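The values are calculated or read from the model by the stated rules, or taken from the named source; none is laboratory data. Just so we're clear, the structure is a prediction, and the values are computed from it rather than from any experiment. In this analysis, Cβ positions are derived from the backbone assuming ideal geometry, glycine residues included, and neighbour counts consider all displayed protein chains.
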Amino acid sequence: MKLLPRLLTVLVLTLTPAIAHADTMADVVKAQVVLGKVMQIITKYQQYAVTLEAPTPRSNAKGRYLLPYTENGALTEWATKTLNVQLGALAGEKAGEAAGKALASKVPFGGLASGFMKKKGKETGALAALGGKDFVTKTSSQSFDNLDDYAVYLHVTHANEGGYQQALAAAMAIYPELETSYDVAINKAYKKALVAKK
């Protein structure tokens, strides 16, 4: 499996020019959908007058999940490159999907790895479009080790700011699992806050 990231990187760099015409706003639209789900959650809990506390991020880039904001609340350099991220993520997703299909045709039960390869390909493509993991790490100043805390922090501290959708789209591009876990994490945080209030 160590060969997989290298293979995906090669495929991503090869395919990126071929898909440059593709809809680069895919992750922005996904972010809109996720934020729509969060609005429903907020509406549900408004009657209870509960508020969420923001988890405290690490004050360095050594955590697993790098925040798209600096400690001063400004977008990081990598988060401002969202349009390039969209192209790289889409190329990586397609490369991962192709690699997964190739594996499925050669190996019994290889199809089980296809979803993983597609997700990993998207993450690899987004990082490649941004200039690599080193660039993202170098231009980040805060991080989390837990994705739920990451989501709650973003929601509590930045959801009402202009440009938040772009920041969330950038984060979802390099952490594809955030698309499905963001609203779940917010909902869990509200449930926990409601229990604590009683």
With respect to Asp134, determine if the residue is under 13 Å from the mean Cα position of the chain (by Cα) and of a type outside the set (Val, Ile, Thr). no
Among the residues of the range 29-72, how many are among the polar types (S, T, N, Q) and part of a loop (DSSP other than H, G, I, E, B)? 7
Taking the range 134-174 only, how many residues are touching a helix residue (DSSP H, G or I) at 6+ places or on another chain (Cβ under 8 Å) and within 17 Å of Thr80 (Cβ to Cβ)? 14
Conditions first: (1) surrounded by fewer than 17 Cβ atoms within 10 Å (Cβ to Cβ); (2) modelled with pLDDT of 85 or more; (3) under 22 Å from Gln165 (Cβ atoms); (4) not β-branched (Val, Ile, Thr). Pro68 passes all but one, so which condition is the exception? (1)
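So that you can scan it fast, the table gives a plain yes or no per residue for (1) closer than 22 Å to Ala49 by Cβ; (2) outside any helix (DSSP H, G or I); (3) of a type in the set (Asp, Glu):
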site	(1), (2), (3)
His155	yes, no, no
Asn160	yes, yes, no
Gln166	no, no, no
Ala170	no, no, no
Pro176	no, yes, no
Thr180	no, no, no
Ala189	yes, no, no
Lys192	yes, no, no
Val195	yes, no, no
Would you say Gly125 is at pLDDT below 95, surrounded by fewer than 24 Cβ atoms within 10 Å (Cβ to Cβ) and not aliphatic (A, V, I, L, M)? no
Please specify each residue of the range 167-198 satisfying the condition of being aromatic (Phe, Trp, Tyr) and under 14 Å from the mean Cα position of the chain (by Cα). Tyr175, Tyr182
